[in-house]
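Participant: Dropping a structure here in structure tokens format, bear with me for questions.
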Amino acid sequence: MKIYYSSAFTANAYYDLKGRIEFDAKVCGNEELLQLLMLHLGIYNKEISPIKRATDYYKAFRDVVSTLPKDNLIRKSFEVGQLSVSSEFLRWRDQLVLAFWKPDMDIDSERIRIIAEVEKSFSVKGEADYWMEVIEALKTTNPLPEGSELILRIITQEMLPPYIRTALECLSAKGLKITEQKAEVIANGNLGLIQDNIINKTQAKKLDEKDKSFSVLKFPDDYMSIQYAASIKPDTYDVYINGDSKNFDDLLMTLRQPTSGSSMQDANPQIAQLFMIGLSLFNYPMNVNTVLAWLLMPKSPIKRALRSALARTLTATGGIRNEEWNEAINKYLKGRAEEEEDAKELKERKRQVERLEVLLPIPDDEKVKKSKVQGFLTELYNWAVMQMQLKDIDDNVRHQYFNLCEMTTALSEILTDLSEEEFDYAYLENCMRSIYTTASYEYTEAYKGSRYIVSSPGNMASEAGKVMWMDMYNYTPSKPSYEFLNPEEIKQLTDKGCKVWDSQQESALNSMLYYIPLLSCKEKFCAMVAKKSAAANTTVHPLYTRLSETFGNFDKFVDSDVQLPVTEVDRIIQEPQRLHIDINNADMIEYREHESYSSLDMMIQYPLEYVMQYLANFRERPSFELDPLYTVKGTVAHKVIETLCMEDEEKARKMTDIEALFNDKKGFGKMVESIIWQNGALLLLKENINEKRLFVQQLHEAVAHLLDTIKSNNLEVESCEHQLESGLGFKSEVNCLGFIDMKLHYKENIDKIVVFDFKWTTSSSRYIHKITSNTAMQLAVYKTLIKRAEGQDVVASGYFAMPYNRLLTADASLRGKFVTNLTPDNNDDLMAEIEHSYDFRKSQFERGYIETADDTSLEIEGFEYMEQKEALGLYPLEANEKTKTKYGNVFSNYKALKGGLK
């Protein structure tokens, strides 16, 4: 048996068998070597998960620490850190065991004494304990087959950790042949010069600029670097070194190339995330982002139909436990149609809703109730167990469910032993963060014709002809294994016979490991570096630094202008923007039966968006994104004003009653808080605490100014969110639907109508411009709707801009200290302009002509619309006055069709 060993080897280490047949060769890292020796020694490894082991150590550690004085620093740290502190002590304990420490050693150190005391009630073995058991057995026997050989490439025994050295010394003493294959110069040209410098520390020479055996490719970012690697033939290099092959395989799949086989390192797969996201629901106040994330998890103990309905309601309304939320639950309970649902299905739906309180906990105060957390963990555990038992489930997915069960069990055990029935969320968060661990999962398989990729530079068990190191940057040196010990503790342990790995020896090993790719390459070596990775600046690898400082003309071999092949997507992006696009079969367009102010505005300003969204019906799938904060503020403000002014959906309150409700500070405050929970939960986030306080203050002031304006003009509220539908009187018959924020009338004449539209905005200049330029389309449309649907005349209208808190109006009849009267600079018939523009855009659509160019360098006067504006009396387009270009639609989903991907 031949054993190729290095502490850096993993299961996918590069091992070239070309020209050789080795039936009994094994490539082993530390873990593989331990398993091999245990197998041959007949030592049984009782598998205990790291989570279970950490939980058992926590219990033993807690019992010991509880006996310490209350002012003891370690006890105080444990009271704050809990499981994270005990887990750190467990790590120290394992490192001490590997240094041959025994609990009965008299070491004058409080930390080590505590660890020794914990050992009396902790008996769960880990890797360190099995190494000690193996070494003890190796003192008397060599379990490996006769004639076996262990080979070390480039590294030496002296570099290895003391416990590995001891194991190898025992094996050698019992007849195992150990061979150290020292590094040699195996390449010619520049690569040979570099190898000679590293191995023999020879004086540096200038590299031959004609030689191509060594090169460096420098890219602006890591994505461009993997694009380049994907663009070359897989057999260009024998082995590729890449620490994150997942992203590379994602790209290969996109390009329909064979994947190289990758895993997700330190991964947080979605099933395992159920533990963290679910328990985060217990945080107070409610985090609306967490609730949404919980509802949108691909796998969940809550049925997809129910959580999708609740997620849609949450994003649509901005909160929970509102009318729409309850409607969604009731609709789910009834099923698609009761006559189509069997009794079993309806019963299951009812059970899901009953479990919702457990699986979607919404805290009412800052204290977390243990019983509720235990109930949640039980439901999550039972569901995960059921999922593991499903047929045809992928092994990786089953592994994730198993980890989820392990984590829920660990936390449940900790809470069971907790005497308090209520505790702060900080305690729960500390426990769950300590229990939750990242893991590695297989992501893709290696297919025929793929690249041979290893995850680290030290993972090469043999020489290779050509080597590409894809990520020679962002090197993070590992901390010394015994950095937790102080010099005095190290001295005492050494005096007692312990073997503490010297930090300089450990550093020497780590440094040698990143030389291995260069020292293992025989023909051509290429390193790729990137200036940025994940949008952050990268750090220079120490090997790159050494080479650049050693060889004076090193920069001559760094190519910073690597050209990537142009893809079809690149060609599309590089196409120039166009003034319009032509469509065929325009005569087949079916026009809408109903329009709204917003659709009319889109039709005139952004015709392509209108055609795609309303006529072609090309829309995004329902979005589960929460509105931005400024939109949420506007939604809450609207809802507060509506709730304050309306007794119910049909009946408005008298002004005296509205003022009484508003002046009841406690009652009004509760109303605002309730509406924030129902429609503005984003304001409840901890990072928005100050924002919320300011908003509530601004909202109170805005409502006060609004009521003062209403009262000053002797008005009464007639309705809020007043819905109307009517034709607009256009020759092209078109119905329009409108929702008027507030409809009022004068007390002395109920037929004299006033309309207010509320705007929560950071700047009122836009709405001032609409009035002064006589382009307030929304107010004009509402005025027409009221006239045609209800036969009433709107004598005044305006925008009430918050928190600017001014009524912006062109009507001189409205007065007050919070009213800004504005004079339009023209008297054009606005509704006539809207009608003409509607007809013009429709005529363009009918001949298959759709204007597309906006937010470009093209002057607005070049548009067909603008050429006909004066002659046909069209509504003005929104344009940049300085550049004379049309403003683009920042919310457009169709920029790709307008050449707007740059």
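Participant: Cα centroids of the stretch 16-78 and the stretch 134-160: how far apart, whole angstrom?
Facilitator: The stretch 16-78 and the stretch 134-160 have Cα centres separated by 20 Å.
Participant: Also: For the chain, take the longest principal axis of its alpha carbons; what is the angle in degrees between that and the long axis of helix 503-513, to the nearest 10 within 0 to 90?
Facilitator: 80 degrees
Participant: Sticking with this structure for a sec: In the chain, carbon and sulfur make up what percent of the accessible area (probe 1.4 Å)?
Facilitator: Numbers: 21960 of 45310 Å².
The C+S portion of the solvent-accessible surface of the chain is 48 percent.
Participant: On a C-alpha basis, how far is the centre of the stretch 793-852 from the centre of the stretch 433-508 in Å? Whole number, if you could?
Facilitator: For the stretch 793-852 versus the stretch 433-508, the Cα centre distance is 68 Å.
Participant: Can I ask one more? Which order do the peptides 152-161, 405-414 take when ranked by the mean count of other beta-carbon atoms within 10 Å per residue, highest first? Numbers along the way, then the final one.
Facilitator: Working: 152-161: 18.2, 405-414: 21.8.
In decreasing order of mean packing, 152-161, 405-414 become 405-414, 152-161.
Participant: List, in order, the whole-Hz ³J(HN,Hα) value for each residue of the stretch 126-143 obtained from phi through the Karplus relation with A = 6.51, B = -1.76, C = 1.60 and θ = phi - 60°; use x for Gly and Pro.
Facilitator: x, 4, 4, 5, 5, 4, 5, 5, 5, 4, 4, 6, 5, 5, 10, 7, 10, x
Participant: Here's something else I'd like to know. Against the longest principal axis of the chain, how steep is helix 189-200, in degrees 0 to 90 to the nearest 10, with axes from Cα atoms?
Facilitator: Around 60 degrees separate the two axes.
Participant: Another question, if that's okay. Work out the charge dipole of the chain with +1 on the Cβ of Lys and Arg and -1 on the Cβ of Asp and Glu about the Cα centre, then indicate which of A305, Q400, L684 is farthest towards its positive end.
Facilitator: Farthest towards the positive end: Q400.
Participant: Please list 293-302, 420-429, 602-611 highest first by mean number of surrounding beta-carbon atoms within 10 Å per residue.
Facilitator: Most protected by this proxy first, the peptides run 602-611, 293-302, 420-429.
Participant: What is the sum of charges, Lys and Arg at +1 and Asp and Glu at -1, for the other residues whose Cβ falls under 14 Å from the Cβ of I589? Don't jump to the answer; show the numbers that get you there.
Facilitator: Working: positive: R592, R841, K842, R847; negative: D582, D587, E590, E593, E846.
Value of the local net charge: -1.
Participant: Go through (i) 66, 39, 25; (ii) 73, 35, 22; (iii) 64, 43, 25 and flag the label whose value is the computed semi-axes √(5λ) of the Cα gyration tensor in Å for this structure.
Facilitator: (i)
Participant: Another question about this same structure. Between V216, L191, T202, whose Cα lies farthest towards the positive end of the dipole of the stretch 162-249 when Lys and Arg beta carbons carry +1 and Asp and Glu beta carbons carry -1, centred on the Cα centre?
Facilitator: Working it through, the farthest residue towards the positive pole turns out to be T202.
Participant: I'd like the trypsin sites (Lys or Arg not before Pro) in the stretch 409-466 restricted to DSSP loop residues with at most 13 other Cβ atoms within 10 Å, sorted by number.
Facilitator: K448
Participant: In the chain, with Lys and Arg counted as +1 and Asp and Glu as -1 at Cβ, which of these residues, L295, Q95, T772, has the Cα nearest the positive end of the dipole, that is, farthest along it?
Facilitator: Q95
Participant: Under the rule of at least 5 residues apart or a separate chain, name every residue whose amide H is placed under 5 Å from the amide H of H745.
Facilitator: Here E716, E718, V754 satisfy the definition.
Participant: Would you mind getting me the FRET efficiency between R321 and I689? Use the beta-carbon distance for r and R0 = 22 Å, nearest 0.05. Before the final figure, lay out each step's value.
Facilitator: Working: r = 21 Å, r/R0 = 0.95.
The value I calculate is 0.55.
Participant: What number comes out for accessible area per residue over the chain if the probe is 1.4 Å? Units Å², please. Mind dumping the intermediate values first?
Facilitator: Details: 45310 Å² over 902 residues.
Value for the chain: 50 Å² per residue.
Participant: Could I ask something else about it? Against the longest alpha carbon principal axis of the chain, how many degrees, from 0 to 90 and to the nearest 10, is the axis of helix 777-790 turned?
Facilitator: Helix 777-790 sits roughly 50 degrees off the main axis of the chain.
Participant: How large is ³J(HN,Hα) for each residue in the stretch 600-610, as worked out from phi by the Karplus curve 6.51 cos²θ - 1.76 cosθ + 1.60 (θ = phi - 60°), to whole Hz, x for Gly and Pro?
Facilitator: 4, 4, 5, 4, 6, 7, 10, x, 5, 4, 4
Participant: I would also like to ask the following. Can you classify the stretch 420-502 as rounded, prolate or oblate using the Cα gyration tensor, where a ≥ b ≥ c are the square roots of its eigenvalues, rounded means a/c under 1.5, and otherwise it's prolate if a/b beats b/c and oblate if not?
Facilitator: Numbers: a/c = 3.18, a/b = 1.30, b/c = 2.45.
Judged from the Cα gyration tensor, the stretch 420-502 comes out oblate (a/c at least 1.5, b/c at or above a/b).
Participant: Using alpha carbon centroids, what distance separates the stretch 230-255 and the stretch 276-336, in Å?
Facilitator: Here the answer is 40 Å between Cα centres.
The values are calculated or read from the model by the stated rules, or taken from the named source; none is laboratory data. Computed from a predicted structure; not experimentally measured. Every residue, glycine as well, gets a Cβ built from its backbone with ideal geometry; the counts of neighbours run over all protein chains shown. Note: accessible area is taken over every heavy atom of the protein model, side chains too, but ligands, DNA and RNA are not part of it. Shrake-Rupley method; radii C 1.70, N 1.55, O 1.52, S 1.80 Å.
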